[in-house]
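Quick one: structure below, then a few questions.
The values are calculated or read from the model by the stated rules, or taken from the named source; none is laboratory data. As the structure is a computational prediction, the values presented were derived from the model and not from experiment. Backbone-built Cβ (ideal geometry, glycine too); neighbour counts: all protein chains shown. The area values use the complete protein model at the heavy-atom level, side chains included, leaving out ligands, DNA and RNA. Shrake-Rupley method; radii C 1.70, N 1.55, O 1.52, S 1.80 Å.
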Amino acid sequence: LPTGYQYFHTGLDLRAWTGTPIYAMADGKVKLSQYFHVPGNAVIIDHGNHIFSKYFHLSELNVAEGTEIKKGTLIG
């Protein structure tokens, strides 16, 4: 980690090569699309009914906050 500290989270990390395209798992609205120090580039999509998908450690961001997207949209 860049800070030298370890941290625990309940998410599932799926690894891919840098530059691998990442697509939205379902239709929804982009609630967050920005850079953070530890998880790096992050996208959170609201799919409705209190269901969110979160994508972290992205090498780039391809969607803007507030955008309505469809399943399969390139997000990062």
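What residue among LEU61, LEU32, LEU14 shows peak mean-square fluctuation when the chain is described by a Gaussian network model with Cα springs under 10 Å?
Looking only at LEU61, LEU32, LEU14, the largest GNM fluctuation is found for LEU14.
How many Å² of accessible area per residue for the chain, probe 1.4 Å?
Per-residue accessible area for the chain comes out at 76 Å².
Ignoring trypsin sites (Lys or Arg not before Pro) that are buried or in helix or strand per DSSP, and keeping those with at most 10 other beta carbon atoms within 10 Å, what is the longest stretch of the chain between them?
16-69
Across the Cα atoms of the stretch 33-76, what radius of gyration and what greatest pairwise Cα-Cα distance (Dmax) are found, in Å?
Expressed in Å, the Cα Rg and Dmax of the stretch 33-76 come to 10.4, 30.
So what are the chain's ellipsoid semi-axes, whole angstrom, largest first, if each one is the square root of 5 times an eigenvalue of the alpha-carbon gyration tensor?
22, 14, 12
Using a probe of 1.4 angstrom, how much of the accessible area of the chain is carbon and sulfur, in percent?
Looking at the chain in its full context, I get 56 percent from C and S.
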